[in-house]
Amino acid sequence: MVTATNPKAPIRRFDVFAEYTKQKAIEDGMPEDEAEGYGLWVAKVVASRRYGGAPITQPPRKGDGEKEDEAPKEKKPKWHSLGDEPQTAALFEREVIGRMGRHFYNTVFAPAIEDALAQGKSYTAIRDTIRKEWKP
């Protein structure tokens with residue numbers, strides 16, 4: 001029986017990593033919607049390096065042919081892409097939040113990751129233990 005404390009689907013390391021990365025990006029000052037896309041993108045990049053996957057494209061970084069006091073040559077895109085697919089907040093919503101259910105995400109999952117970050121725990125310290133009891 002699915003309840004508020006049960007996800008709709010098993011929680012993957014991928015989900016934990018995407019949310020952990022999203023929350024770290026928000027701590028670093030990134031807007032929430034961009035942080036969601038960024039968290040998803042980083043999780044997919046890491047997964048694709050392990051299993052092979054789509055080509056990675058990313059916005060230009062400072063230092064890629066520009067001087068510190070020079071204006072950037074092109075505007076940084078809001079979303080990172082994998083192949084031709086931008087990794088957006090809407091995609092994070094569908095691929096992470098939608099899998100586990102919005103209520104579970106808001107009341108259990110995201111707060112647990114936030115608490116772990118507040119305690120200074122690393123992703124590797126929580127990736128398996130935090131999701132151990134979360135069963136559909």
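The values are calculated or read from the model by the stated rules, or taken from the named source; none is laboratory data. Bear in mind the structure is a predicted one, so any value in this text is a computation, not a measurement. Note that we place each Cβ from the backbone using ideal geometry, even for glycine, and neighbour counts take in every protein chain shown.
I'm trying to understand the selection: among the residues of the stretch 106-124, which are over 11 Å from VAL16 (Cβ atoms) and surrounded by fewer than 15 Cβ atoms within 10 Å (Cβ to Cβ)?
Across the stretch 106-124, the qualifying residues are ASN106, THR107, PRO111, ASP115, ALA118, GLN119, GLY120, SER122.
Quick check on this structure: which one of LEU91, LEU82 is at negative phi, at pLDDT 95 or above and in contact with a strand residue (DSSP E or B) (Cβ under 8 Å, 6 or more places away or on another chain)? If you could, list the steps in order and put the result at the bottom.
Values: LEU82 fails: at pLDDT 95 or above.
After applying the criteria, what remains is LEU91.
From VAL96, VAL42, VAL16, which residue is at pLDDT 95 or above, over 20 Å from LYS135 (Cβ atoms) and surrounded by 12 or more Cβ atoms within 10 Å (Cβ to Cβ)? Outline the logic, then answer.
Numbers: VAL96 fails: over 20 Å from LYS135 (Cβ atoms); VAL16 fails: over 20 Å from LYS135 (Cβ atoms).
After applying the criteria, what remains is VAL42.
I need every pair where a residue in the stretch 28-44 that is within 22 Å of ARG13 (Cβ to Cβ) and free of Cβ contacts under 8 Å to residues at least 40 places away in the same chain has its Cβ under 6 Å from the Cβ of a residue that is assigned to a helix (DSSP H, G or I) and charged (D, E, K, R), sequence separation at least 6 or different chains.
Every condition considered, the pairs that remain are ALA35/LYS22.
Among the residues of the stretch 85-136, which ones are polar (S, T, N, Q), touching a helix residue (DSSP H, G or I) at 6+ places or on another chain (Cβ under 9 Å) and touching a residue at least 12 places away in the same chain (Cβ under 8 Å)?
Answer for the stretch 85-136, where residues must be polar (S, T, N, Q), touching a helix residue (DSSP H, G or I) at 6+ places or on another chain (Cβ under 9 Å) and touching a residue at least 12 places away in the same chain (Cβ under 8 Å): GLN87, THR88.
Any residue in the stretch 63-78 that is at pLDDT below 95 and under 17 Å from the mean Cα position of the chain (by Cα)?
Step one: of the stretch 63-78, the residues at pLDDT below 95 are 63-78.
From what's left, under 17 Å from the mean Cα position of the chain (by Cα): 78.
Yes.
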